[in-house]
Amino acid sequence: MSVLKILPDIYSVGVVDWNVRNFHGHTYTTKRGTTYNAYLIIDEKITLVDTVYGAFSSELIENIQQVVPVNKIDYVIANHVETDHSGALPEVMKLCPKAKILGTEKCKEGLYRYYYGDWDFQVVKTGDKLKLGKRTLTFLEAPMIHWPDSMFTYCPEEELLMPNDAFGQHLATKERFADEVDQCALWDEAAKYYGNILWPLGAVILKKIEEVKKLNIPLKIIAPSHGVIWRKDPLQIVNRYTSWAQNETLPKVVVAYESMWGATEKMARKIVAGVEEEGLSIKLFEITGSDRTEVVKEMLDARGFIFGSSTHDNNMLPNLAGFLDFIRGFKPRNRVSAAFGSYGWAGGAVRQIENILKEAGIELAATGLEVKYMPDKNDLEACFKFGRNFAAVIKGGK
Ligand code: FEO
């Protein structure tokens, strides 16, 4: 990413990671890559807001050097400990050892446990201010959006919010602003990001949005730590987050299944036909060959989820089990669900799926549907009705 002046004396100095395909270990696929954004403010005090993933330390340093010698940096704002934003910190601090790092108490603890650096660290709290010269930075703690250490930094003179991970997208692009990129890709990635990272944190997010609204601070630009910067109508992403956090959904059903010999797959296709018959939007995924990150994104605005599995050794199949285990912690609200599956001599999969759905707090809209061996004509008719009835529950207001 080349250095870009985003405001007078404020530069984007981060990097593009074009090739990353797995993020957070392998919990998130990044088919469009990502960026690690960092911002450099040139004022009486020179300030770097966040760094980048450690593998890109030298690129970040080269970018900073294009604007100012790195040893001139007075402050480094650490909005977040996670290594995609702090990984380059040790290399930066080697070049400006007298710089002061500012972050939350949890950030201080986390950075120490990651890097064991002997750095000058100033703990900041919500409302604390840092005078840079013509500009000021104010801090807003944002615990669990999405780590306990997370913090937003705001520059009132520029009406610029740097909320780190919040409002980001995993989107590698040379363009720096949201209004310059393909809007389908942008919103696809914003939804994927919210669904896969922030979904379980909706209540915290709503509270933080309310808190920021009460501060009545003007917002001209929201510059997150991944993806592009929101400058035209920056509230559009805030409003979208509000909608997602309030669990607003569409009359849409996601069906995901795993099948051993095709019986559960036949059931799935008839259930889908039943849902379609009622006019609802539908997405069907065979979970083994599907991208988990994409499935979660499709679930984000769906009102209903139906999961199916063949029974194997009294259990559901392992790929669906892994997926359900992953989403169990999301605890999605205002959704309904159901389970189905085939078995040979003793069932088990449907009951297991239902137990996980109950644990996740997702209401079961129907008794699970089981078929012995391969579905016959009557079984397939039952699957069709199962899909129609499920859709009818959603149409009826659930
Ligand atoms: Fe982009 Fe929580 O790190």
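Number of residues in region 162-203 that are in contact with a strand residue (DSSP E or B) (Cβ under 6 Å, 6 or more places away or on another chain) and either within 16 Å of the ligand (Cβ to nearest atom) or not assigned by TED's automatic domain parsing to the domain that holds ILE217 (or both) equals 6. Return the total of residues in region 343-363 being open to solvent by 30 Å² or more (accessible area, probe 1.4 Å) and either within 26 Å of the chain's Cα centre (by Cα) or not hydrophobic (A, V, I, L, M, F, W, C) (or both). Summing the residues that are open to solvent by 30 Å² or more (accessible area, probe 1.4 Å) and either within 26 Å of the chain's Cα centre (by Cα) or not hydrophobic (A, V, I, L, M, F, W, C) (or both) in region 343-363 gives 9. When we screen LYS283, LYS331, LYS266 for residues that are at pLDDT below 95 and open to solvent by 60 Å² or more (accessible area, probe 1.4 Å), the only hit is LYS331. Could you tell me whether LEU171 is under 22 Å from SER2 (Cβ atoms), buried (at least 24 other Cβ atoms within 10 Å of the Cβ) and more than 10 Å from the chain's Cα centre (by Cα)? So LEU171 fits the description; yes.
Taking region 127-148 as the range and being surrounded by fewer than 20 Cβ atoms within 10 Å (Cβ to Cβ), within 16 Å of the ligand (Cβ to nearest atom) and not aliphatic (A, V, I, L, M) as the test, the residues that pass are PRO143, HIS146, TRP147, PRO148. Could you tell me whether any residue of region 369-379 is among the charged types (D, E, K, R) and in contact (Cβ under 8 Å) with a residue 60 or more places away in the chain? Checked against the condition, which is being among the charged types (D, E, K, R) and in contact (Cβ under 8 Å) with a residue 60 or more places away in the chain, region 369-379 yields at least one hit. VAL124 - would you say it is more than 13 Å from the ligand (Cβ to nearest atom) and in contact (Cβ under 8 Å) with a residue 60 or more places away in the chain? Spelling it out, it is not the case that VAL124 is more than 13 Å from the ligand (Cβ to nearest atom) and in contact (Cβ under 8 Å) with a residue 60 or more places away in the chain. Please determine whether any residue of region 149-168 is small (Gly, Ala, Ser) and either open to solvent by 10 Å² or more (accessible area, probe 1.4 Å) or part of a strand (DSSP E or B) (or both). Taking every residue of region 149-168 in turn, none turns out to be small (Gly, Ala, Ser) and either open to solvent by 10 Å² or more (accessible area, probe 1.4 Å) or part of a strand (DSSP E or B) (or both).
Residues checked against (1) surrounded by fewer than 20 Cβ atoms within 10 Å (Cβ to Cβ); (2) over 24 Å from PRO148 (Cβ atoms); (3) at pLDDT below 95:
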position: ASP182; (1), (2), (3): yes, yes, no
position: GLU189; (1), (2), (3): no, yes, no
position: LYS207; (1), (2), (3): yes, no, no
position: LYS220; (1), (2), (3): yes, yes, no
position: PRO224; (1), (2), (3): no, no, no
position: GLN236; (1), (2), (3): yes, yes, no
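For GLY322, the test of being out of contact with any Gly (no Cβ under 6 Å at 6 or more places or on another chain), under 17 Å from ARG292 (Cα atoms), without any contact (Cβ under 8 Å) to a residue 60 or more places away in the chain and open to solvent by less than 60 Å² (accessible area, probe 1.4 Å) is passed. For region 227-252, the candidate set comprises residues that are free of Cβ contacts under 8 Å to residues at least 12 places away in the same chain and in a helix (DSSP H, G or I); within that set, the residue that is nearest to ARG32 (Cα to Cα) is GLN236. Hey, any hits in region 101-115 for a residue that's open to solvent by less than 10 Å² (accessible area, probe 1.4 Å), closer than 24 Å to LYS213 by Cα and within 16 Å of the ligand (Cβ to nearest atom)? Within region 101-115, one or more residues are open to solvent by less than 10 Å² (accessible area, probe 1.4 Å), closer than 24 Å to LYS213 by Cα and within 16 Å of the ligand (Cβ to nearest atom). ILE61 meets all of the listed conditions (1) surrounded by fewer than 23 Cβ atoms within 10 Å (Cβ to Cβ); (2) closer than 14 Å to GLY87 by Cβ; (3) under 26 Å from the mean Cα position of the chain (by Cα); (4) modelled with pLDDT of 95 or more but one, namely (3). For region 21-35, a residue qualifies if it is within 13 Å of the ligand (Cβ to nearest atom) and either closer than 15 Å to ILE197 by Cβ or modelled with pLDDT under 95 (or both), and the qualifying residues are PHE23, HIS24, GLY25, THR27, TYR28, THR30, THR34. Residues in region 74-95 that are within 21 Å of LYS5 (Cβ to Cβ) and in contact with a Lys or Arg (Cβ under 9 Å, 6 or more places away or on another chain) were compared, and the one that is surrounded by the fewest Cβ atoms within 10 Å (Cβ to Cβ) is ASP74. Scanning region 361-385 for residues that are basic (Lys, Arg) and under 17 Å from SER259 (Cβ atoms) yields a single hit, LYS372.
Residue check: ALA55 meets all listed conditions (1) within 16 Å of the ligand (Cβ to nearest atom); (2) crowded, with 16+ Cβ neighbours inside 10 Å but one, namely (2).
The values are calculated or read from the model by the stated rules, or taken from the named source; none is laboratory data. Every value quoted in this text rests on a predicted model; they were computed, and no experiment measured them. Glycine gets a Cβ as well: all are built from the backbone with ideal geometry, and neighbour counts include every protein chain shown. Ligands, DNA and RNA are excluded from the accessible area calculation, which covers all protein heavy atoms including side chains. Shrake-Rupley method; radii C 1.70, N 1.55, O 1.52, S 1.80 Å.
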